[in-house]
1. How far is it, in nm, from the label point at residue 98 to the one at residue 70 when both lie 7 Å from their Cα along the line to the Cβ?
2. Label points 7 Å out from Cα along the Cβ direction at residue 41 and residue 121: separation in nm?
3. Taking springs between alpha-carbon atoms closer than 10 angstrom, which of 127, 112, 40 fluctuates most in the Gaussian network model of the chain?
4. Taking only Cα atoms and a 10 Å spring cutoff, compute GNM fluctuations for the chain and point out the largest among 67, 143, 113.
5. Quick one: compute the contact order of the chain, relative version, from alpha carbon pairs under 8 angstrom and 6+ residues apart, as a percent.
6. Out of [x] 23; [y] 13; [z] 29, which label holds the value of percent of Cα pairs over 29 Å apart that was computed here?
7. Rg and Dmax of region 1-41, Cα atoms, in Å?
8. Grab the Cα-Cα distance for residue 89 and residue 9, subtract it from 0.36 nm times how many residues apart they are, and report the gain in nm with one decimal.
Amino acid sequence: MRPRHKGETALVIGYGNTSRRDDGVGYHVVDALNARLGRPSLGELSSDPADQAGDIHTIWLHQLAPELAEIVASYDLVVFVDAHRDRCAPDLHIVPLTSSYHSSMISHHLHPETLLALTRDLYGHSPRAVLVSVRGHDFDFGESLSLRTQELTDAALEEIIRLLAPAP
């Protein structure tokens, strides 16, 4: 996936359940991104990304929801950050996304591609998007990441920084 062009806006969405250990890795990665950008932690930021300065905005959510389509439509690039359990996938899995509808076995689970499709259909624009998926090792109750997943957050952060860097 090509880096952003100068002036393009980007939104980084971390999502997952921070009470289920590694499922909250999106929160930890996005919080680390805010620190790298010299911004307050997620707990201190407004929940509305439009309140953030600059052309890179961040949010953290428990889960993706259709209501995000309006927000997503205003960006050129969206980076989704989540945990995965797939033992066959790499520990850090980077996937370019396209807008397409995916059904879910669980009614409260919305795939990023489905959110992009809703954005396209409702607002006539679907931004370029990528999923940065970090391997989770422990999904038991708790708020800290497992050591193995914590070690992957730095690599995830560096990949996101690369994606957000303006093209030369």
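Computed from the coordinates by the stated procedures, all read-outs in this text should not be read as laboratory data. For clarity, every value in this text was computed on a predicted model and none was experimentally measured. In this analysis, Cβ positions are derived from the backbone assuming ideal geometry, glycine residues included, and neighbour counts consider all displayed protein chains.
1. The two pseudo-label positions are separated by 3.0 nm.
2. 3.9 nm
3. Result for the chain, Cα springs under 10 Å: 40 fluctuates most.
4. Most flexible of the set in this elastic network: 67.
5. 34 percent
6. Computed from these coordinates, percent of Cα pairs over 29 Å apart corresponds to label [y].
7. Radius of gyration, then largest Cα-Cα span, for region 1-41: 12.6, 37 Å.
8. 25.9 nm
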